[in-house]
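FYI, it's all coordinate maths here, none of it is from the lab. Everything quoted here is computed from the prediction, not taken from an experiment. A quick note on method: Cβ atoms are made from the backbone with ideal geometry, for glycine too, and the neighbour counts reach across all protein chains shown.
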Amino acid sequence: MRVRAYRFRAYCSNTTARVLKTQLEAACKLYNTLLHAEQEEYEKNKRTMSKNELRQLALDLRKKNPVFQVLHSQVAQQVADRFYQARQRFLDGLANKPKKKKPHKFLSLVYPQSGWRLSDIRDAGQGQKRRARLYLSKIGFFTLVMHRVFPENQVSQVCVKLYPSGRIHVIFLVEEPEGQELPSKEPKRAVGVDLGITRLATLSFGWALLGKPETA
């Protein structure tokens, strides 16, 4: 299988943008809470938590703390995956020790499989561009400007990223069979994919794809 990323500009209401910002802050707090829990676990028992333990802890924290309940359950688990990945890179000698995240640097949320819906795809005037309506659970609706066609039934992850400038992009990560090529008359925009050992793939714009969860 080949991993391909499709990135599109997204637009939303001011209310939805505020909700997205609130959720990014909640995800950042959840990441830091998992980091603190991991540090306590190591100090007490001299062990690190497994991916499954971190994912379950994220769900437990979401259930108990109203701050984290704004997040979709799979988004909360993905935050745990993100911390697990950072810790493993440190243990493998590939990165510095994970540190407390600052809210203004936690810019993206990932919906692994559910919690999103793409609809109302239509042509947008002249040229190859189309518009579509994307719903992200717990956040709201976005209008996407889509300049490329992609296999919607092969999407494995959806990432929404809020830049400091206020610009929003949505990235669809698609697993395509080798040799599959979608017809297009427009120039191709390449996204590099670096396949690795500790991470399934690292995309050229900095987003990392984790491997399959041990138990979903």
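To make sure I understand, if each residue's beta carbon is the centre and we count other beta carbons within 10 Å, what order do S156, S119 fall in, fewest to most?
Values: S156 14, S119 9.
Least to most surrounded, the residues fall as S119, S156.
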Given 0.36 nm per residue, what is the gain on full extension from D120 to T48 after removing their alpha carbon distance, in nm? 21.4 nm
Under 23 Å Cα-Cα from K63, which lysines qualify once same-chain neighbours fewer than 8 residues away are excluded? K21, K29, K51, K100, K101, K138
With the range 21-104 reduced to its Cα atoms and the Debye formula applied, log10 I(q)/I(0) at q = 0.12, 0.22, 0.24 1/Å amounts to -0.32, -1.05, -1.21
Whole-Hz ³J(HN,Hα) from phi, Karplus 6.51 cos²θ - 1.76 cosθ + 1.60, for the range 57-65, glycine and proline x: 5, 4, 5, 5, 5, 5, 5, 8, 10
Dipole of the range 21-104, positive direction: furthest Cα of Q56, A27, H72, with charges on the beta-carbon: A27
Other-chain or far-sequence residues with amide H under 5 Å of V67's (modelled H): none
Given H placed on each backbone N at 1.01 Å, which residues far from S156 in sequence or on other chains put an amide H within less than 5 Å of it? L173, V174, E175
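Counting alpha carbon pairs within less than 8 Å and at least 6 residues apart, what relative contact order, in whole percent, applies to the range 1-159? Kindly include the intermediate steps, with their values, before the conclusion.
Details: 206 pairs, mean separation 43.2, N = 159.
Reported as a whole number, the value is 27 percent.
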At 0.36 nm per residue, and after removing the present C-alpha to C-alpha distance, how many nm does the segment from T15 to K105 gain when stretched out fully? 30.3 nm
